Amino acid sequence: MLRKTSPRAALIAATLLASVAMPAVADEASGTLNVAFTKELENIDSYFNSSREGVVMQRAVWDGLIYRNPETNEYVGNLATSWEWIDDTTLEFKLREGVTFHNGEPFNADDVVFTVNFVAKEENGVKTQRNVNWMESAEKVDDYTVRIKLKKKFPAAIEFLSGPVSMYPNEYYAEVGASGMGLKPVGTGPYRVTEVVPGQHFKLEANSAYHDSPKGQPEIANIDIRTIPDVNTQMAELFSGSLDLIWQVPADQAAKLGQMGQFTVANESTMRVGYLQMDSAGRSGDNPFTNKLVRQAVNHAINRQELVDALLQGSSKVVYTPCFPSQFGCVQDVTEYEFNPEKAKELLAEAGYPDGFETAFYAYRDRQYAEAISSYLNNVGIKTDFKMLQYSALRELNMDGKVPLSFQTWGSYSINDASAMVSQFFKHGSLDSTRDDEVRDWLDVADSSTNPDERIEYYSKALEKITDEAFWAPMFTYNTNYVFTDQVAYTPTPDEVLRFVDMTWN
Amino acid sequence: MLTFILKRLGLAVLVAITVSFISFSLLFLSGDPAAALAGETASGEDIEAIRRLYGFDRPMLVQYGEWLFSALRGDFGESYYFKLPVASLIADRLQVTMLLGLCGILFALLTAVPLGVAAAIRPNSIIDRLALFLSVAGQAMPSFWFGLILIVVLAIQLGWLPPSGASTWRHFVMPTIVLGYYAMPAIMRLTRAGMLDVLESDFIRTARAKGAGETRVLFKHALRNAIIPVVSLAAVQMGFMLGGSIVVESVFALHGAGFLAWESIARNDLPTVQALILVFSMFYIIFTFLADVLNAWLDPRMRSA
C-alpha cells in the first residue's frame, strides 16, 4: 500500500520529464493495452487476496449475481436476472440461462450453490471473511433458481453480492482449488486469463462469448499487465510507449504528466477516508482524549480544507463523518467542526490543559499528511511524539489498546454501505477505541434492519452521537490519478476499480 | 585437505542454522504475522481466524522446530502470500538474480581488473586519474539514480534498450551495468593497490633482471600475486549481489530473489523469508569456500593453512 514518494521521486520525475523526446506509440495495431500494477498481486483468485489489484482482476475475470452501476449506484441483474427476499434471511435468485465459463462449463444453480457453500465455510480460509461470513449456505431450487440463506438479517447483502462475491465454476474449482484458480483462473467475465506469472505478469483476452451483461462488451482485444514496483520506471515505460495506462500516480507526478499534452490525466475520488482516531475509551490508560472537550479541540485544531488543497488535491473532499459520503446510511447532517485554533486552545484550557499536553501520535502511511496534522496539533499546544509504523505493527498496537492518537485511513473495500466503515469501528470490535454502548446498539439495528428508512434513522442517530462527542476527527477523502496515452479512452469511477471492459481505443 | 573441507562444511551448516534461527526470532518479534497476512481490509475477527489457521498462537520455539524439521527434509512449505510452494517460487526468482549477479560480477571484473592494472603501471597518469574518478563516482552514485539515468538516456532518448522487464538479453544490459558498476570500484582499487605493492617487490625486479618480457612480468608474475585478495573480495561481492540487488531489481522490474526477500519481509511471509535467508547464507558460505580453494590454487602457500 505504501507508495514511494519522496524528494528523490520528485527529482527523478523532473529528470524524466525533461528528457522526453520520443512520442508515445501505443500498441493499438495489435490491440493490446499495456497496463502496470505497482504491487505484486498474491493470487488472482479473488477470495484469496485482499488487494486493490485483486478487485480489478475480479471484475474483469468473474461476475457476480448482481451488478451495481458505478455511476447511478443502481442494482441490476448480472448472472441473476431477478431476486427477491423470501423472508428476512433468505434471498431467491432466478439465474441467467445460456452463460458459460471460460472453460466451456455451463453456468447454473450448482455453481452458485458450490461457490456460496465453499466461501461461507470459515475453514476454507477466504481471506476477507467479512465479505462472505454473513452467508450461511445456498440451496438449489431448480437448475436456474437458487436460494441463499443468511446467518442473520443483513440488508447490505445486495451490495456484497454485487461486489466481492463472484461465482466460480463448481467442477473446475473443486478440482484445482485456490492455488489452481490462481494460476489458471476460470470465470464468466468479460476477459479470460491466458497467462499468469504469479505476482509479475498477467495476460487477458476479450471473452468473445461474453453474455449480455450490464458490464457491457469488452472492446480492447488484449490486456497485458506487468508489475513494475517503481513509479519512475512506470513513467519511463509510458514515455517509451511500452505502457498505455498507469494508475495510483502520485499527485505531483500526475500534474507534470498532464502538462505534457500527450497523456490524459484523470483524477477520481476513492472511498478511502482519512481520520484521526482518539482513545476515548481510555484503553491506553488515563489519557486526555477521554475528555470530550479535548477531542473537540483536536477537531477544531485541524485545517481540513488546507490539507485537501495543499496535499491531497484532485477530487478529495473534506469530510466530517466516519464514513464515505456516497455510502448508504452515511448521512451528512452531522456536527461539523470548523478550523478555529483559538477555540481549540480555549477548549483545552477548559478541559484543564491550559498549556496543552504531550501524546504519542502514530501513523502508517502518508507521512507528509501525518506531519502536517502534527503541526496543527502542536500549534494549539498538543505536543506529539510522532511514530511511523508498518501497518501490521500499528494494527497490533491498536488491537491491544495501546494507541492514544493515530492517523488512520479506511477504504471500506469499495462497499457502498455505511456498515462497511462505521460498523467496523464502533461496535466494540478489537479496533474500537470508543466502546459506546448506545452507538453500538443503534448500529446493530441499522446494520440488520431490512427497512431502508429505519436503517437511515439509526445510522443518523449513531453518526450524530459520534460527531457530537467528537470520538474521531474525520478529515478528508482520498483520490487517485489515472494516466493514459491519448489513444485510450476511459472514464474512471469513484470506487477505485480499474474497469478494462469500459476502456476503448480513441 | 579432506578434513579441512569437512570441517568447513560442518561449520557452514551450523552458521546456516544459527542465521535461520536469528532471522526467525527477529521476524517473530517484528510484528504479528497474522495481522500482516490478513491485510489492510481485515477485521479483528479475520486476524483471529488466521492466527488459529496457521498456528501462530503456539510458542515460537515449537514453530521454529517445526520449520527446521521440514526444511531439513527439503520441504520449505507454502508462501503465506502467494499460496505457492516456496521452493518453486524461489527457484523461479533465483534464475533472474543469479543471471544478473553473474553478469554483474563479470562486468565488474572485466572492467575493474584491466583498469586497476593500467592505473598501477602508470601511477598518477591520466589513466590512473580516470580510474580514480570512475571509482569515486561509482561509490558515490546511488544505484537507483544511476539506473534511472541509464533508462532516460538508453531507453527513452536513444530507444536502444527496453526500459524494464526480463524477457530478452537486451533487458539485462542496463541492470548488469548498474549492478556491476557498484561492485567495480572496490575491485579496481584493490587491484591497483595490490599491483603497486607487488611491482615494487624483489621477485619482480629479479624477473625483469633475468630478461622476462614486460607482459610476462605483469600478468604471470605480478597479477597472479596481486589478484589473491581480489578473488576473496569478488566472492563476497558476488554473495552481496545475489542477496542485495533489491534496488536494481526494483528499478528494472526484474522480480528476482532480492526483491522477493525485501517484499516478503514487509509482508511477514515467514516461510519465504526463512527459505531465502537460508539460500542467501548458503551462497555466502559457498562463495567464500570457493574463494579459499581458488586462492589455494593461486598461492601454494595457502594450501597448508
In this structure, does A:ALA178 turn out to be closer than 30 Å to B:SER79 by Cα, aliphatic (A, V, I, L, M) and within 14 Å of chain B (Cβ to nearest Cβ)?
yes
Matching residues, the stretch A:211-223, being crowded, with 19+ Cβ neighbours inside 10 Å and within 16 Å of A:GLY31 (Cβ to Cβ)
A:PRO218, A:ILE220, A:ILE223
Regarding the stretch A:117-136, can at least one residue be identified that is within 14 Å of chain B (Cβ to nearest Cβ) and acidic (Asp, Glu)?
yes
Go through the residues of the stretch A:412-427 one by one and say whether even a single one is surrounded by fewer than 19 Cβ atoms within 10 Å (Cβ to Cβ) and charged (D, E, K, R).
no
Given (1) surrounded by fewer than 19 Cβ atoms within 10 Å (Cβ to Cβ); (2) small (Gly, Ala, Ser); (3) in contact (Cβ under 8 Å) with a residue 40 or more places away in the chain; (4) more than 21 Å from B:ALA12 (Cα to Cα), where does B:GLY211 come up short, assuming only one miss?
(3)
If only one of B:PRO85, B:PRO33 is surrounded by 13 or more Cβ atoms within 10 Å (Cβ to Cβ) and under 30 Å from A:SER419 (Cα atoms), which one is it?
B:PRO33
Could you list, in sequence order, all residues of the stretch A:60-90 that are crowded, with 18+ Cβ neighbours inside 10 Å, of a type outside the set (Ser, Thr, Tyr) and modelled with pLDDT of 95 or more?
A:ALA60, A:VAL61, A:TRP62, A:ASP63, A:GLY64, A:LEU65, A:ILE66, A:GLY77, A:ASN78, A:LEU79, A:ALA80, A:TRP83
Looking at (1) outside any helix (DSSP H, G or I); (2) within 30 Å of B:ASN225 (Cα to Cα), which one does B:GLY74 not meet, given that it meets all the others?
(2)
May I ask you to list the residues in the stretch A:204-225 that are free of Cβ contacts under 8 Å to residues at least 24 places away in the same chain and over 18 Å from A:TRP505 (Cα atoms)?
A:TYR210, A:ASP212
Starting from residues that are of a type in the set (S, T, N, Q) and under 20 Å from B:LEU99 (Cα atoms), keep the ones in the stretch B:148-203 and report whichever is nearest to the other protein chains (Cβ to nearest Cβ).
B:SER164
Residue tally, condition out of contact with any helix residue (DSSP H, G or I) (no Cβ under 9 Å at 6 or more places or on another chain), assigned to a loop (DSSP other than H, G, I, E, B) and more than 13 Å from chain B (Cβ to nearest Cβ), over the stretch A:219-261
1
Quick check on my filter: what residues within the stretch B:136-147 are surrounded by fewer than 17 Cβ atoms within 10 Å (Cβ to Cβ) and away from chain A (no Cβ under 14 Å)?
B:VAL136, B:ALA137, B:GLN139, B:ALA140
Just give me the residues in the stretch A:66-81 being assigned to a loop (DSSP other than H, G, I, E, B), within 19 Å of the chain's Cα centre (by Cα) and closer than 19 Å to A:HIS211 by Cβ, in sequence order.
A:ASN69
Right, A:ARG96: among the basic types (Lys, Arg) and under 18 Å from A:SER213 (Cα atoms) or not?
yes
Tally the residues that are closer than 22 Å to B:ALA275 by Cβ, away from chain A (no Cβ under 13 Å) and not in a helix (DSSP H, G or I), restricting the search to the stretch B:56-70.
2
So if I check each of B:VAL251, B:VAL247, which one is within 13 Å of the chain's Cα centre (by Cα), under 30 Å from A:GLU237 (Cα atoms) and within 14 Å of another protein chain (Cβ to nearest Cβ)?
B:VAL247
Answer yes or no: is there a residue in the stretch B:113-135 that is modelled with pLDDT under 90 and within 14 Å of chain A (Cβ to nearest Cβ).
no
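The values are calculated or read from the model by the stated rules, or taken from the named source; none is laboratory data. As the structure is a computational prediction, the values presented were derived from the model and not from experiment. Every residue, glycine among them, receives a Cβ derived from its backbone with ideal geometry; neighbour counts consider all protein chains shown.
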